[in-house]
Structures are given as structure tokens and as C-alpha cells.
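See below for the structure under consideration.
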Amino acid sequence: MRDPLFESIKINTLEIKNRIYLPAMHLGMANNFEVTDQIIEFYVERARGGVGMITVGYATVDDLSGNTTNIGAHKDEFIPGLKRLAGAINNNGARSCVQINHAGRYNFSFFLDGKQPVAPSAVASRMTKETPKALETEDIHQIVDNFAKAAMRIQKAGYDAVEVLSGTGYLISEFLSPLTNQRTDEYGGGLENRMRFGLDIMKAIRKQVGKDFPIIVRMNGNDFMPGGQGREELQQYAKALVEEASVDALCINVGWHEARIPQITAAVPRGAFAYLSKGIKEVVNVPVIASHRINDPETARELIADNMCDMVAMGRSLIADPYLPEKAQDGREEDILHCIACAQGCFDNLFKLKHVECLCNPRAGYECDGVCEIAKTPKKVMIIGGGAAGMNAAIAASERGHEVTVYEKSDELGGQLYLAGAPPGREEFAELAYDLETKVYANNINIILNQTVDKELIDREKPDHIILATGASYMTPPIPGAELPHVVQAWDVLADNVYTGKRVVIIGGGAVGVETALLLAEKGTLSADVLKFLFVNKAETPEVLYEMATRGTKQITIIEMIDAIGKDFGKSTRWGMLQDVTRYGVESKVTSKALEITPTGIKIETGQGVEEIPADTIVLAAGSRSVNELAAVIEAQKIPFDVIGDANTIGMAFDAVHQGYKAGMNI
């Protein structure tokens, strides 16, 4: 049977072997604009994995368009590095492309040696908190020429195509949007004038590279900015790009960086934004590429088969598993390690000025370290704990050739990943637990469930090396009344082991407390299926349906001692979670201390004094503590061992995965 995902496709005269497109992602791996070995090895791994086309970048077009961690395309001196990268991609089976872009007002003066960023108008950026300099007409013409010259360098370096970023809130989209374009000359005002800058760039590039060199534009299908550009205007722009500027393909993304609609996190359903690529596909006659949250082959092939798009952009999916295309084509989809849209290693790292990593794939960003080598002396390895840390340690140690046995005290592998996957919009964490378990069994690792490890078992098994990955347990804070029957632990709520009453107070406003609150807030709301049924049949008005989708049957209050809730979420996730806290009517009381739990509620101390909140259920989300009592036993037996994950230090799933992998590799 035909597989739409693995049919070839043409962009201009370029034939691509399948419909999987790795879009440009800022990796933070360039060194003073130069291509590094780290970048090359990262993309070589993805090319070997079977992707049809790889777009790198974005690459800069002038000194104000990016920063030194971007790949440079604004000077001839960068061509040798670009050429080396193109050859590495093409020689390993994929088509190559470079995305060029100008950040406009999204750039920081910090990265520009104090120079002021530029934009169509002097409208301050909510993201950078800076006001850009409005471009003069001659500056605009120079930037258009800079784009064309950058495209020429890319062609000269041996790439198969060039892509221009015309969305996400960067310079071209700043010209397109009435929010940021307040000009009164030929580049401002009505849509025709606001499109002029982007169209001029594409025309200049076409003139520079010739008629047969593919030009792709990555553009918004909707910028999701109040007062900005919706689908209709952007569809008109898409038509103009093809009909007036001879663009050969369109890659559709969503939203500006300032937009308040989640775009890349796990809260976004898989393939949710493909309706935007569908709308643009209906008005143009060139290939259209869908983007965002397409992390599995089945979703990808359905979108193509259903004419929602012609290709699928799978970026973070291929960070998590570079060999996703090969596995899908070979019928090994159960072996795929799926991106879980946590954004912890890919997007959050960029805010820390770190290169891209991955929670799911600890090798991502470290491809230069080479392949795993078989240990000279295989050892008998005991791993105690089958959570994220333990499973990754087991996989790594097994790949090194050791004899590995995992001991897990519960009846399943996965540990806290299943708790992390319990709240609404976080289900992908449970997917990671399943993927890791599948990989553990595929490696023929010995698994012993329902087994508590003690000194006697260690004496009997005589391991050469032990990895202690026993995780953590919840803490019960020393609050009077914590032993009352209506007090429960957040972990038990997330595991669906307890019932809660109508009025719920959660003690602790960290990630676990917020996630528990959102899980409970959805109780009694409309499910997606019911919501669609009622909407399609016009049983209620959209306003009533919205209310019923966001207001459940519980009254929830979060109590937090510090001045904010959710501080331990990653930057990409936190704002969306807090937005949901407000949307679902969860009340939060910060700088508040729990004094006493009573049979009918809880007494707290705030800046205004002491008050009592009535409650049917009190949920404790007061943190966790490491479980590592066996460390002393193992140390006394003088067996080499490592303590990893939460058993070592309470951290995030990212830490557990990476520590586990490193521990297994180091044996």
C-alpha cells in the first residue's frame, strides 16, 4: 500500500525523496557566525536518519540581523563553512537548504554591541523591552539587497534551496503587520504596501539565483496577535508570494514569539495547526509544508493524505529521534523515541544561551562525542529503580555491552513520568515512559518488577557495578492537622488514587501544585468530543461552550509561601500553565503560609493577617525528598556505584534522563 509520507515530491526542479522536512531551528552552536563541527555532526546524524530535506539556520543577512550564535551568510568569508555543511548533508542522503532572516526588533542591542535594532517603525518589542530604530527608505533597499546577496552565497556554497523566514515576528512580518508597521510611505498603510518589503526581497532573490533554484518562504498562517494578521490577509500574502514573486514552496508556521497562544508545548494537540496550511494550500499551486507538533509518522501521513499539506515539518521530532524517517519507512514505528514537546532542552536552553539539547535524547547536541563504544570488560550491572533515570542508565549500559538488570519495586516501569503525564496537556510524558520501556525491552535488558532491593539481594546477585535510581518520595510538611483524613498527597491525586471534594486547597505552588490544580480544575468540564458535538449541533452558543469548557465542578485555591507560583516550570511552559490557572478560575494566594489544617479547612497567614479558608480536601504539594538509603549499604560493601536522578538531587526529568545516560555510558 502506498505511503504518502515516502512519496517523492518536487520543489521547482528539485526532487526530494520523501515528504519529511526538517525546518530551521536555532541551535546555538555557531561560533562567531562560523559553522562548527558540532553543527555539522548534528545535521549529519539527521541526514543519515532518512529525512528528505534539511533546512539549517536561520542565517544572517547583515550585521543587525542576528547574533554570533547564528550561522553567518552576510559575508563571503562564511562561504567555506556553509559549503562544508552543505556537503555533509547532501553526502548523507538529504537535500540541503539554508533559511535566511533578519530579526528586526526581536534582536537585542546586547548582541549588537549596543547598536539599536531596526524595524519598519519605532514600536517597542514586548519580548526585548527595547524600542527599535525606524528604517529609512534607503536602508530598506539595502536590506533587500542583503537578502539577495545572502541567497547568492547559499547557492554558491552548494545548497539545493534557500528559505526566507517571513513570520514569527521578525523583520518581514513586522512590515506585514499593522501592529508594527505604522509607516505612511510606499512600505506602509494598506496590505499591498505592507507586503511590498517581503515581495521585493523574494523578487530580488529570484533575480539573483535564477529561475531553477528553489525559493521557499516560511510564513505565518496566523500571527495570533490581537490586532495583527489573521488567516485571510496571510492567504493573500501567500498568493502574492507565488504569483508575483515566483516562490516555489511555502512552509507554514504559527504565531509571533509574543503571541499568547501556545505553539510548541505539549498543550498543543498533535497537528493542531494544519488547518492553516490547508487554508493556504487551497489558494496556491505550489507545495505547502505544515508545521508544529507533528511528532509521529501517523499524524504526518494523515495530514498529507487528507490534503492538509504536501510535506510535514518535523523539527524537534528529529532532535528527539534522528532516525524517525528510517524507522517509519522500515515499519519500526514502535521503536521511535517521540518528542514530548517539553521544550526543556531545545527552546528553554536558548534563553540560557546554551546550545540545543533534548530531554528525550541525551545524545542530541553531543553528536561530536562519537558513537557508543563497547566496553573492553563487560560487567554485571544492577540498576535499582525503573524511572527515567534508571531506564536511560540501563539502555546506555546495555549498549556498552554490559549485562544489565533493572529492579523496580512497583509493577511497572516509568516512575514519576506517569505522574508528570497526568495533568491535562501533559500526556506526552507518559508517551516517553512507554517509549523508554519499549527500548529497554528491545535491548533484551533483564527487568524484575515488584522487587525491593536490600543487602541480601545485593549479596546474592554480586553485581560489579550498581546504579541507584530510586527517585524521590513526597514530603509531608510539619503543619498541625496534616494527619487529618481529608488531607491527601498531590502524587496520589495525579495517580488517581484518591477522590477530592468540591472545595480544594493545595499547599504548594510549584510545578506539582499547579499541575494538580489544573488536573482538578478540568473535573466537570466538557471533553473535546462533547464540545465538538454540542458546537456542531449548535446546542449552545460559543460563549456558553467556552464557559463550560473552562469551568468545572471544583473550587480550587493554591497556597504558596513565595511571591509567585510555578517558578520551577521551564520558561516555554510556565506562561501557558499560568494562563490556564487564570482561565480555569484557580485562585492563588502567594506570600502565604499554611498555619494549621482544621477539620473544615485551613488557616493561613498572609500580609493582611490570619484567615481561614473552608475546604473539603487539602492537597499537599510541598515538595519531595531523595530516596537513597541504600547508598550507605552499597558503600559499605565496597561495590562501585552511582546515585542518579532524584535519588541524588531533586530535579527535572531532563536531569534524570541525562544523568542516567551518562552513568550508563561511564561504566
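All of the numbers you see were taken from the coordinates with simple rules; none came from a lab. None of these values were measured; they are calculated from a predicted model. Ideal geometry is used to build each Cβ from the backbone, glycine not excepted, and the neighbour counts take in all protein chains shown.
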Exercise for the section: Towards the positive end of the charge dipole of the chain, with charges on Cβ (+1 Lys, Arg; -1 Asp, Glu), say which of C368, L494, Q344 has the farthest Cα. Expected result: C368
Exercise for the section: Give a residue-ordered list of calculated ³J(HN,Hα) values for segment 624-637 (Karplus: 6.51 cos²θ - 1.76 cosθ + 1.60, θ = phi - 60°; whole Hz; x for Gly, Pro). Expected result: 9, 10, 5, 10, 8, 4, 5, 4, 5, 5, 5, 4, 5, 7
Handout entry: segment 220-254-segment 444-465 distance, computed between alpha-carbon centres (Å)
Key = 59
Fill in the blank from the handout: Here segment 150-164 yields Karplus 3J(HN,Hα) values (6.51, -1.76, 1.60; θ = phi - 60°; whole Hz; Gly and Pro given as x) of 5, 4, 4, 5, 5, 4, 5, 6, x, 6, 7, 6, 10, 10, 10
Fill in the blank from the handout: Spelling it out for C358: with amide H atoms placed in the peptide plane at 1.01 Å from N, the residues 5 or more places away or on another chain with amide H under 5 Å from its amide H are A364
Problem - In nm, spacing of pseudo-spin labels at D616 and K662 (7 Å Cα→C-beta vector) - result: 4.7
Handout entry: Projected-area mean, the chain, by convex hull of Cα positions, square nanometres
Key = 32.4
Exercise for the section: Just report the Cα centroid separation between segment 537-557 and segment 587-636, whole Å. Expected result: 31
Handout entry: Label-point separation in nm, T600 to K211, each point 7 Å along Cα→Cβ
Key = 8.6
Practice task
Quick one: which residues, 5 or more positions from F641 or on another chain, have an amide H under 5 Å from its amide H? H modelled 1.01 Å from N in the peptide plane, none for Pro or chain starts.
Solution key: I466
Handout entry: Acute angle (nearest 10 degrees) that the helix 388-399 long axis makes with the longest principal axis of the chain, alpha-carbon atoms
Key = 70
Handout entry: Net lengthening on full extension, R460/D37 (0.36 nm per residue, minus Cα-Cα)
Key = 147.5 nm
Practice task
With a cut-off of at most 15 other beta carbons within 10 Å, and DSSP calling the residue loop, which GluC sites (Glu not before Pro) in segment 14-68 qualify? Please list them.
Solution key: none
Practice task
Please report, in debye to the nearest 20, how large the charge dipole of the chain is about its Cα centre when each Lys and Arg carries +1 at its beta carbon and each Asp and Glu carries -1 there.
Solution key: 920
Handout entry: Computed FRET value (nearest 0.05) for A134 with Q637, which takes r as the C-beta separation and R₀ as 56 Å
Key = 0.20
Exercise for the section: Can you tell me the FRET efficiency between A495 and E587 if r is taken as the Cβ-Cβ distance and R0 is 25 Å, rounded to the nearest 0.05? Expected result: 0.55
Handout entry: Amide H within-cut-off set for S588, under 5 Å, with H built and near neighbours excluded
Key = I558
Exercise for the section: Please give the contour-minus-distance gain from T550 to Q236: 0.36 nm per residue of separation, less the Cα-Cα distance, rounded to one decimal in nm. Expected result: 109.6 nm
Practice task
Report the trypsin sites (Lys or Arg not before Pro) located in segment 433-498 that are in a DSSP loop and have at most 12 other Cβ atoms inside 10 Å of their Cβ, or state none.
Solution key: none
Exercise for the section: Give a residue-ordered list of calculated ³J(HN,Hα) values for segment 601-616 (Karplus: 6.51 cos²θ - 1.76 cosθ + 1.60, θ = phi - 60°; whole Hz; x for Gly, Pro). Expected result: x, 8, 9, 10, 10, 10, x, 9, x, 9, 9, 10, 9, x, 7, 8
